[in-house]
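Working notes, structure below.
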Amino acid sequence: MRANDLVLVQGVRDTRSTLAAWNRAPWPVLRGWLAGSVAVAVALLLATWLIGVVSTPDSTPMGFPGLTRPPTPGDVAFVLFRNSLVLALHGFACVAGFIAGSSLPLTAQRHSGLSRWVHDRAGPLAIAFVIGATTFSLSAQSYLIGRTLGGVSSFLRVSPGILLLGVLPHAVPELIALFLPLAAWIIASRRNQWEQLLAATFVTVGIAIPVLVASSVVEVYVTPHLLRYLAG
């Protein structure tokens, strides 16, 4: 068999054995992911609140489904599409971690010379890229959501803190779902268990999708009523 075939077989074997182990005792794994995801979500919400407080509201007229116009199923689809992009980024971070931390070292063992040198350094570079891309994603999300929070706060004439309370029913499960792959990546990297990340991608994305669908519906059809209540 070629070296790449052997790496593929080893990756499939690692993924199957990881899924089987998690199936026998799922709660310790889920507990760690949830704890990490909640921590990231809380940090993002605090950053969002801070940006909403210090930012100058945009005077450009904006449309808010359920506030300035009636909500539609298209609004739900847009929110779900937007969140799916973030979930895809975090899911790809897990896959990249699996390749960089597990597959590339196996491939490097079957090379020599310049090819071995490239393979040895490709893994750390890929991991650094993932860290950079994820950090940029979190920073961009904090800024954009914070700016939106400030804009809606100005529109409803209510403080960003009160407004943030109004979005928690959909924001908390949404953010926890989005950050599950990221939490899995952090835990695997700290434990040097890169071979588990492909399995983690399947499980975390599978858990996140229905949560994101439900939270998108709540965000479009329920949250605006709660915001109007808090503003009144």
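The table for this structure:
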read-out: Scope the range 65-82; condition of a type in the set (A, V, I, L, M, F, W, C) and within 19 Å of Val152 (Cα to Cα); matching residues; value: Leu67, Val76, Phe78, Val79
read-out: Qualifying positions in the range 198-215 - open to solvent by less than 10 Å² (accessible area, probe 1.4 Å) and either of a type in the set (A, V, I, L, M, F, W, C) or within 14 Å of Val86 (Cα to Cα) (or both); value: Ala199, Ala200, Thr204, Ala208, Leu212
read-out: Residue selected from the range 22-34 under the condition assigned to a helix (DSSP H, G or I) and farther than 17 Å from Cys94 by Cβ, by the criterion nearest to the chain's Cα centre (by Cα); value: Arg31
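Yes/no per residue for (1) under 24 Å from Ala47 (Cα atoms); (2) crowded, with 22+ Cβ neighbours inside 10 Å; (3) in contact (Cβ under 8 Å) with a residue 40 or more places away in the chain:
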site: Phe129; (1), (2), (3): yes, no, no
site: Thr135; (1), (2), (3): yes, no, no
site: Ile145; (1), (2), (3): yes, no, yes
site: Gly161; (1), (2), (3): yes, no, yes
site: Phe179; (1), (2), (3): yes, yes, yes
site: Trp185; (1), (2), (3): yes, yes, yes
site: Gln196; (1), (2), (3): no, yes, yes
site: Glu219; (1), (2), (3): yes, yes, yes
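The values are calculated or read from the model by the stated rules, or taken from the named source; none is laboratory data. Keep in mind that this is a model prediction, so the values were computed, not measured. Methodologically, a virtual Cβ is constructed for each residue, glycine included, from the backbone with ideal geometry; neighbour enumeration extends over all protein chains shown. Remember, those area values only see protein heavy atoms, side chains included, never the ligands or the DNA or RNA. Shrake-Rupley method; radii C 1.70, N 1.55, O 1.52, S 1.80 Å.
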